[in-house]
Amino acid sequence: VSAGGPTCVTRAESTSRAHIALGAMGVYDDITPTPVVNRYVIYITSFVVLSTIAGLVADTFICRKRLKGAPQDRPRGWVLGMLVSSYMLLLPGLFHTLFGYKIAVMNGMKVMSERKENTFEFAQELVKAGSATGCFFVVTFAMVLPVVKLFLLCLGGILRHNEEVGKRKCARRSIIFVQRISKWASPDMFAYILMTYLIRGINHPPILCGNMDLDIGFTCFATFCIASTICSLGARAPSKRDLGLNETPKTGCGFKTMLVLLCVIAACIVFVPTLIYGITKPCMALRVDMDLVFASGEVDISLKPIIEALHVQDLAADDVSLWDCTTQLFKWIAPSEEEAHEHWELNSLIAFLLLSVLVITFTILDMIVLLASAAYMHMQKRKPVFLLEFAHFLRKLSMLDVCVTGILIIILAGRIYRASGVVVTFQEGWVLLVVAELCHYIAYYAVSITSRYAPNESSDGLHTVMLKGEDDTEKDSTDGGSYQNSDSE
């Protein structure tokens with residue numbers, strides 16, 4: 001190093017070199033090799049897709065012909081197929097390795113920090129490390145919430161045909177509640193994605209080698225989160241009309257439409273710059289504290305002069321923004337000789353879709369639709385049914401709030417990494433993302449609450465009725481109706 005000087009390498013080149021250096025230390029004895037992970041990604045996603053198609057085909061060509069009653073009184077076939085297949089992935093997602101990382105010096109000769117985790121072990125180690133708050137969030141979101149979702153969906157399916165109106169109302173509330181909370185099973189997934197970028201980013205061979213891989217547990221749990229969220233939105237709840245909730249229209253006035261429009265415009269004005277700066281500024285930072293590394297005994301104190309001379313602590317520092325992470329994940333998907341990237345990384349594809357589509361794109365689209373809805377209500381004095389349905393759909397799938405919560409959880413749980421010298425902290429981008437999401441919430445609930453009182457043109461176009469809630473826009477067609485936008489009930 002002293003003779004040739006430091007060399008400049010790309011992030012992808014340094015990642016490839018880290019695989020070579022760390023491979024000699026036996027990291028792949030515990031972490032599944034990337035080609036094997038890729039095969040499992042294909043198997044897992046194909047299993048969920050084929051199960052969904054099989055449910056749709058069975059519902060269309062078998063159930064509708066052989067079972068009595070209206071189709072809308074039964075669960076959708078594709079929903080059952082996706083629900084069953086996604087929950088079959090839950091236990092592998094909890095107990096199989098989620099990720100593994102190693103950080104080493106001198107071309108991998110000496111390990112400074114290494115760890116591999118599954119969700120269950122992660123929760124246990126949080127308890128041992130004294131991070132009760134971090135353990136509470138991990139267990140609640142990753143373990144308790146999926147069980148609650150499944151229980152409520154089953155409860156809703158059982159009670160929806162009960163003769164008592166009160167129990168059918170309970171079924172409706174159960175299904176609606178699942179639709180609202182479904183996406184919240186996945187906050188820590190986003191933190192692991194950002195951690196992958198950070199640890200790969202401190203890779204500066206031959207002085208410092210760092211690598212992190214997402215394993216099969218990540219594939220299973222991420223697929224479960226996405227599939228269970230989508231199928232929950234397709235679950236049929238008893239309609240308000242069947243429960244007699246439309247007989248007495250709600251009267252009164254919500255927020256003035258002009259006030260709502262101004263509120264949404266103001267929220268958008270704050271949302272745009274905070275989101276742009278929030279996704280481009282660092283939201284999380286990683287540092288390796290060499291004093292903690294020496295104290296942990298991972299590296300002998302006699303090596304301190306050498307490590308200080310090599311400026312390892314300066315090299316072991318990296319920041320991550322959502323934009324940088326998203327663009328880098330795209331580069332990691334396909335192999336590239338130019339960037340010394342040898343294998344496909346299909347887990348990087350999953351991570352890229354989570355960030356680019358669910359976190360960024362759907363949040364932006366929802367704000368645009370909410371602004372259009374507020375403008376329509378003010379100008380037309382009617383409830384924009386289609387726009388509101390689309391806004392509710394995007395709201396339930398947009399995951400910027402889940403992402404910032406995941407960053408919070410991993411930093412609260414960072415005590416177990418700190419013992420190995422790895423320190424994870426907030427950066428200013430996280431605060432900006434929180435502000436942007438607060439603007440999103442304000443705009444959504446301002447439009448949603450006001451739309452309950454907005455007059456809606458009836459099917460014959462001759463009169464208007466005052467609607468009590470969002471679910472009155474359900475369509476009672478023979479094929480089971482459209483997506484139910486019942487978020488605010």
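The values are calculated or read from the model by the stated rules, or taken from the named source; none is laboratory data. Small disclaimer: the values here were computed from a predicted structure and weren't measured. Here the Cβ positions follow ideal geometry from the backbone for every residue, glycine too, while neighbour counts run over all protein chains shown. Just the protein is used for accessible areas: all its heavy atoms, side chains included, with ligands, DNA and RNA removed. Shrake-Rupley method; radii C 1.70, N 1.55, O 1.52, S 1.80 Å.
Checking THR257 against (1) open to solvent by less than 70 Å² (accessible area, probe 1.4 Å); (2) touching a residue at least 24 places away in the same chain (Cβ under 8 Å); (3) under 32 Å from the mean Cα position of the chain (by Cα), which single condition isn't satisfied?
(3)
Scan VAL431, VAL423 and give me the residue that is at pLDDT 90 or above and of a type in the set (Val, Ile, Thr).
Details: VAL423 fails: at pLDDT 90 or above.
Unique residue meeting the criteria: VAL431.
Only one of ILE226, ILE216, ILE207, ILE193 is modelled with pLDDT of 90 or more, hydrophobic (A, V, I, L, M, F, W, C) and open to solvent by 20 Å² or more (accessible area, probe 1.4 Å); which? Let's see the steps before the verdict.
Values: ILE216 fails: open to solvent by 20 Å² or more (accessible area, probe 1.4 Å); ILE207 fails: modelled with pLDDT of 90 or more; ILE193 fails: open to solvent by 20 Å² or more (accessible area, probe 1.4 Å).
Unique residue meeting the criteria: ILE226.
Filtering segment 329-360 down to residues that are free of Cβ contacts under 8 Å to residues at least 12 places away in the same chain and under 14 Å from the mean Cα position of the chain (by Cα), which residue is nearest to SER46 (Cα to Cα)?
First, the residues of segment 329-360 that are free of Cβ contacts under 8 Å to residues at least 12 places away in the same chain: 334-335, 337-338, 353, 357.
With under 14 Å from the mean Cα position of the chain (by Cα) added as a condition, the list becomes 353, 357.
Working: LEU353: 17, VAL357: 20 Å.
That would be LEU353.
When ILE31 is evaluated against the numbered criteria (1) of a type in the set (A, V, I, L, M); (2) in a helix (DSSP H, G or I); (3) modelled with pLDDT under 85, which criterion, by number, is the only one it fails?
Exception for ILE31: condition (2).
Quick one: which helices (runs of 4 or more DSSP H) sit completely within segment 264-358 and have at least 1 residues that are among the basic types (Lys, Arg) and on the phi < 0 side of the Ramachandran plot? Write out each step before concluding.
Details: elements: 290-296, 304-309, 312-315, 322-333, 346-353.
Ranges flagged: 304-309, 322-333.
For segment 361-412, give me the residue count where each residue is over 23 Å from the mean Cα position of the chain (by Cα), touching a residue at least 40 places away in the same chain (Cβ under 8 Å) and assigned to a helix (DSSP H, G or I).
Going through segment 361-412 one residue at a time, the tally reaches 7.
Taking the conditions exactly as written (open to solvent by less than 60 Å² (accessible area, probe 1.4 Å), among the small types (Gly, Ala, Ser) and in contact with a Ser or Thr (Cβ under 6 Å, 6 or more places away or on another chain)), does SER356 satisfy them or not?
Numbers: open to solvent by less than 60 Å² (accessible area, probe 1.4 Å): yes; among the small types (Gly, Ala, Ser): yes; in contact with a Ser or Thr (Cβ under 6 Å, 6 or more places away or on another chain): yes.
For SER356, the condition - open to solvent by less than 60 Å² (accessible area, probe 1.4 Å), among the small types (Gly, Ala, Ser) and in contact with a Ser or Thr (Cβ under 6 Å, 6 or more places away or on another chain) - is met.
Report yes if some residue within segment 326-335 is surrounded by fewer than 20 Cβ atoms within 10 Å (Cβ to Cβ), under 23 Å from GLY217 (Cα atoms) and in contact with a strand residue (DSSP E or B) (Cβ under 6 Å, 6 or more places away or on another chain); otherwise report no.
yes
Return a yes/no flag: does segment 380-396 have any residue that is open to solvent by 20 Å² or more (accessible area, probe 1.4 Å) and closer than 30 Å to GLY217 by Cβ.
Yes.
Any idea which residue in segment 413-439 is most open to solvent (accessible area, probe 1.4 Å), counting only those that are assigned to a helix (DSSP H, G or I) and touching a Leu at 6+ places or on another chain (Cβ under 7 Å)?
Per the stated criteria, the residue is ARG418.
GLY156: closer than 30 Å to VAL288 by Cα and modelled with pLDDT of 85 or more, yes or no? Please lay out each step first, then the result.
On the way: closer than 30 Å to VAL288 by Cα: no; modelled with pLDDT of 85 or more: yes.
When the stated conditions are applied, GLY156 does not pass them.
Tell me which residues, restricted to segment 110-165, are open to solvent by less than 50 Å² (accessible area, probe 1.4 Å), in contact with a Phe, Trp or Tyr (Cβ under 7 Å, 6 or more places away or on another chain), touching a residue at least 60 places away in the same chain (Cβ under 8 Å) and hydrophobic (A, V, I, L, M, F, W, C).
Correct list: VAL138, PHE141.
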